[in-house]
Amino acid sequence: MDKVLARGSGSPNARPGPRTALLSAVAGVAMIATTVVVATSASAGTTLGASAAEQGRYFGTAVAAYKLSDSQYVGILNREFNMVTPENEMKWDATEPSQGQFSFSSADRIVNHAQANGMRVRGHALAWHSQQPGWAQNLSGSALRQAMVNHITQVATYYRGKIYAWDVVNEAFADSGGVRRDSNLQRTGDDWIEVAFRTARAADPGAKLCYNDYNTDNWTWAKTQAVYNMVKDFKARGVPIDCVGFQSHFNSGSPYPSNYRTTLQNFAALGVDVQITELDIEGSGTTQATTYGNVVKDCLAVSRCNGITVWGIRDSDSWRSSGTPLLFDGNGNKKPAYTAVLDALNAGGTTPPPTTAPPTTAPPTTPPPTTAPPTTPPPTGNGCTATLTLNQWEGGFVTSVRVTAGAAGANGWSVTLTLPAGASITNTWSAQPSATTGTVTFRNVDYNVRIAPGGYTDFGFQGVGTGPSGTATCTAN
């Protein structure tokens, strides 16, 4: 997942005085506690960013640099949002494609647009096991550790003073058992996360430093407890961590939990900010709108919940576009979910922050579910099927793929398809591609290897040229 997924001096929770949208003279400069930055075009009470600012918070979105040439996309972005997160442009593979050779042009395009329109920027992400350039994937041990430290230092220093919050480390915990994810970074030593945070603080002391992950929304899950215990340890030992990001990708397999507010409160009680960093909620109509409204209310009820970022603007921009998970439809129209969010923001928070310590009971030993139990009989057969959703524009495309397991489920899967002549893949998430042109086989990554009978998982890829429109072959183990 693209996650998220933080640090400006000054309190983004501070409540503003008059209902006035303020424009920061210099983006990224530390602000006094009563100042909230919003886009100049926003009107309090009528747009997401301005209404969030009235509550002392931000409302942001993930942004792709190549879409800044889309007038409808930019129009919604400038009107509605006061925080942006580069979707892929600040990740390791994008910023350091060759070791020691840095490329910031795509990320700069987003940062410059944000500064020109009075928006702040969340940096995503400095250290992650996924979307590493090939040269980093081939390193290990002390060589990889040194490369990670240099990467964080160079990128965070380059953007020093321009980033509100950094997702320093992304998705370092496994889904089950409350343990660290086995990755090349983890194999450099158990202290790698701490080293990443200390390195980021030295490089950009004015930014908030955040740990970002998914499947940490439910307080009873072992993964949630493991992240909580890490943050508690870091705070006790003086490791510089300022916030925790909750990706909150909700669907039938990972639904919005009733104890979501409890999770936010308990992390905040450790003395860190909490941020909803990659929100999308699959569904439609009243059900989707109600869930979006509940998430906003939960954030407003926790004083240290700085703000919310949705992972994309229109449904067609989403990495899960087939699930229509965002606030605007593919034509840029406001959905019922948008109205629910705006109403919740304008209603404001009603619940005070917790004054008691979080629970001290032992974490559960069972892993969180990764897919929902099927409510209808699973499909017959022991294989899997792959469904493609194409979002095509002149010169480029994004393809979302849903892999659905048969009656026996899957413990490993692959999807093979053929790209049209001239097409090339530039980015892939939640799968590993065998090639970038021609016939490509996508294989599962470690966090989506298993699919329950009749369940599904999603992955996607971005490219140039004409996207695939034919059928794909799915094979399950």
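Pairing residues of segment 102-129 that are over 26 Å from M148 (Cα atoms) and among the hydrophobic types (A, V, I, L, M, F, W, C) with residues that are outside any helix (DSSP H, G or I) and open to solvent by 50 Å² or more (accessible area, probe 1.4 Å), at Cβ distances under 9 Å and at least 6 apart in sequence or on separate chains, gives A114/K162.
Within the option set R109, R122, being within 20 Å of the chain's Cα centre (by Cα), closer than 30 Å to R79 by Cβ and surrounded by fewer than 19 Cβ atoms within 10 Å (Cβ to Cβ) holds for one residue only, R109.
Scanning segment 315-338 for residues that are in a strand (DSSP E or B) and either open to solvent by 20 Å² or more (accessible area, probe 1.4 Å) or within 13 Å of V295 (Cβ to Cβ) (or both) yields one hit, K334. Within segment 231-259, the residues that satisfy the criterion of being hydroxyl-bearing (S, T, Y), closer than 23 Å to T61 by Cα and open to solvent by 20 Å² or more (accessible area, probe 1.4 Å) are S252, Y256. Here are some conditions: (1) at pLDDT below 90; (2) within 25 Å of D315 (Cβ to Cβ). A386 meets all but one. Which one does it not meet? Failed condition: (1).
Can you confirm whether segment 38-49 contains a residue that is among the β-branched types (V, I, T) and modelled with pLDDT of 95 or more? Within segment 38-49, one or more residues are among the β-branched types (V, I, T) and modelled with pLDDT of 95 or more. Within segment 198-213, the set of residues being in contact with a strand residue (DSSP E or B) (Cβ under 7 Å, 6 or more places away or on another chain) and surrounded by fewer than 24 Cβ atoms within 10 Å (Cβ to Cβ) comprises R201 only.
Among the residues of segment 448-477, those that are surrounded by 17 or more Cβ atoms within 10 Å (Cβ to Cβ) and under 20 Å from N215 (Cα atoms) comprise N448, R450, I451, A452, G455, Y456, T457, D458, F459, G460.
Which of the residues that make up segment 260-288 are open to solvent by 10 Å² or more (accessible area, probe 1.4 Å) and within 27 Å of S322 (Cα to Cα)? Result: E282, G283, S284, G285, T286, T287. Within segment 394-415, the set of residues being part of a loop (DSSP other than H, G, I, E, B), open to solvent by 10 Å² or more (accessible area, probe 1.4 Å) and at pLDDT 85 or above comprises A407, A408. Across segment 137-193, the qualifying residues are those that are within 15 Å of D213 (Cα to Cα) and aromatic (F, W, Y), and the one among them that is farthest from the chain's Cα centre (by Cα) is F173.
For segment 386-420, a tally of residues being out of contact with any Ser or Thr (no Cβ under 6 Å at 6 or more places or on another chain), more than 23 Å from P325 (Cβ to Cβ) and of a type in the set (S, T, N, Q) returns 1.
Scanning segment 426-447 for residues that are assigned to a strand (DSSP E or B) and of a type outside the set (S, T, Y), we see that the one that is surrounded by the most Cβ atoms within 10 Å (Cβ to Cβ) is F442.
Scanning segment 234-285 for residues that are aliphatic (A, V, I, L, M) and assigned to a strand (DSSP E or B) returns V244, V274, I276, L279, I281. Among the criteria (1) at pLDDT 95 or above; (2) surrounded by fewer than 22 Cβ atoms within 10 Å (Cβ to Cβ); (3) of a type in the set (S, T, Y), the one S176 does not fulfil is (1). Of all residues in segment 448-462, those satisfying the criterion of being outside any loop (DSSP other than H, G, I, E, B) and closer than 22 Å to D182 by Cα are N448, R450, I451, T457, D458, F459. Of all residues in segment 78-105, exactly one satisfies the criterion of being surrounded by 17 or more Cβ atoms within 10 Å (Cβ to Cβ), among the hydrophobic types (A, V, I, L, M, F, W, C) and either over 22 Å from the mean Cα position of the chain (by Cα) or farther than 26 Å from Q131 by Cα (or both), namely F81.
The values are calculated or read from the model by the stated rules, or taken from the named source; none is laboratory data. Predicted, not measured: the structure shown is a model, and the values here were computed from it. In this analysis, Cβ positions are derived from the backbone assuming ideal geometry, glycine residues included, and neighbour counts consider all displayed protein chains. Quick note on the areas: whole protein, heavy atoms, side chains included, nothing else; ligands and nucleic acids left out. Shrake-Rupley method; radii C 1.70, N 1.55, O 1.52, S 1.80 Å.
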